[in-house]
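The values are calculated or read from the model by the stated rules, or taken from the named source; none is laboratory data. As the structure is a computational prediction, the values presented were derived from the model and not from experiment. All Cβ positions, even for glycine, are placed from backbone atoms using ideal geometry, and neighbour counts span all protein chains on display. These area figures cover heavy atoms from the full protein model, side chains too; ligands, DNA and RNA do not enter into them. Shrake-Rupley method; radii C 1.70, N 1.55, O 1.52, S 1.80 Å.
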Amino acid sequence: MIFSRKKKAKSVDDLYAQIGELTESNRIDRDPTKERQIRQLRHLAGVEMVNADTPVPSYAAPAAVPPARNPETKLAEVSLDELTPEVLRAAILDSCSLLFRSAMVEDSALELADEIDRSFATRAGLKGTGGGDPEGYYDEFEPEDPYAVHKRDWIEEGGGVLAADSPRVFAEMLEAFGRMNLTNVIEGYLGERPAVSADKCTLRKAMPDVVGAWHQDGKFMGDDIRAMNVWLSLSHCGTGNPAPGMDLVPLRLHGHVAAGTEGTWFDSQVSQAVAEETAGEIGIVRPAFGPGDLLLFDEYYLHQTGGGPGLTEPRYAIESWFFGPSSYPEIYVPLAP
């Protein structure tokens, strides 16, 4: 997809410099207008990144020894200060994911969950008005032509608000990722400065009666993508908790498993039987997550929202997909993180 404008485009570095200045100003004196401006500048920078004619780089070389698995969760796990592109690459090649406990301070995670709640409530209050929220909790993102955001209704039905539709929470989310050094590590992992997607960066509120669907995100993102998902838990969830968790197949998969078979209701869905067969002896796991726990995984990871009887509380989380711009999915709207 080629993006054209009458005015000469600014360089990515120039746009990042503007983003940095506005972000620093917004830290001192939060202003919803600045947050909307930052969102638009991130979009313009993302467009320049994905339209640059750059060769596909190599991934980071993996660390010699992959991170050890926690015997209880069966997931590779390290502390956040041990995270490097090489460690992440080794973990992905070994088990498709990497877990960090308390990557965000619990109180900060719970506050971010409250912000997500407010975004949901604001969207509901604006329904049918055609207006936006002056405080920036819900203000639908309008990308530059020819880009368009699709499937907002589908995201809402699935218990989500697009992060880009909440300029306030989007800004807070990226600030949090910056403090964790995630963007720099993912850049090193991919071998190129990453872009995120307005369509695949979601503020989640999974209700207790949610029904999961096994899937690999790469199945519907397009061929030959290079991606990393940042999944940040903002509540207590999973085994032993009253909120839905995540069911995971903690194995390295090098391609897509069979989808759309008997027992599924859409083409990219994987059946329970196929998930169990794929998991084999290691089995499907449903770890307990706390507010601030972080899971990184790639486009081949087989997972679903873990619902079931007896749950009473919603699960709050953020899901944000990072992509290598050299092979960015044409179906998505780019944003620079």
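A few notes on this one:
- If you check S108, S119 for being in contact with a helix residue (DSSP H, G or I) (Cβ under 6 Å, 6 or more places away or on another chain) and touching a residue at least 40 places away in the same chain (Cβ under 8 Å), only one passes: S119.
- Among the residues of the stretch 266-281, the ones that are at pLDDT 95 or above, outside any strand (DSSP E or B) and either under 20 Å from the mean Cα position of the chain (by Cα) or not hydroxyl-bearing (S, T, Y) (or both) come to 10 in all.
- Qualifying position, being open to solvent by 30 Å² or more (accessible area, probe 1.4 Å), in contact with a Leu (Cβ under 9 Å, 6 or more places away or on another chain) and outside any loop (DSSP other than H, G, I, E, B), among R252, R204: R204
- Of all residues in the stretch 107-121, those that are farther than 20 Å from E319 by Cβ and surrounded by 14 or more Cβ atoms within 10 Å (Cβ to Cβ) total 0.
- Residues that are of a type in the set (G, A, S) and either over 21 Å from the mean Cα position of the chain (by Cα) or at pLDDT below 95 (or both) within the stretch 33-53 comprise just one, A52.
- The residues of the stretch 212-225 that are under 24 Å from P55 (Cα atoms), more than 14 Å from the chain's Cα centre (by Cα) and in contact (Cβ under 8 Å) with a residue 12 or more places away in the chain, listed by number, are K219, F220, G222, D224, I225.
- Residue in the stretch 133-145 that is at pLDDT below 95 and either within 18 Å of M228 (Cβ to Cβ) or of a type in the set (G, A, S) (or both) present: no
- Any hit, the stretch 128-141, residues being within 19 Å of R39 (Cα to Cα), touching a residue at least 60 places away in the same chain (Cβ under 8 Å) and of a type in the set (S, T, Y): no
- Residue within the stretch 22-33 that is crowded, with 18+ Cβ neighbours inside 10 Å, in contact (Cβ under 8 Å) with a residue 12 or more places away in the chain and touching a Pro at 6+ places or on another chain (Cβ under 8 Å) present: yes
- Residue match in the stretch 86-107 (condition: at pLDDT 95 or above, of a type in the set (S, T, N, Q) and over 19 Å from C201 (Cα atoms)): yes
- Sole exception among (1) in a loop (DSSP other than H, G, I, E, B); (2) of a type in the set (D, E, K, R); (3) closer than 24 Å to L253 by Cβ for E319, by number: (1)
- Of residues in the stretch 39-68 being farther than 20 Å from I331 by Cβ and touching a Leu at 6+ places or on another chain (Cβ under 6 Å), the one most open to solvent (accessible area, probe 1.4 Å): P62
- Close contacts from the stretch 48-71, counting a first residue that is closer than 11 Å to S326 by Cβ and assigned to a loop (DSSP other than H, G, I, E, B) and a second that is at pLDDT 95 or above and among the β-branched types (V, I, T), with Cβ to Cβ under 7 Å and a gap of 6+ residues or different chains, come to none at all.
- Candidates are the residues of the stretch 145-164 that are free of Cβ contacts under 8 Å to residues at least 12 places away in the same chain and in a loop (DSSP other than H, G, I, E, B); the one that is surrounded by the fewest Cβ atoms within 10 Å (Cβ to Cβ) is D145.
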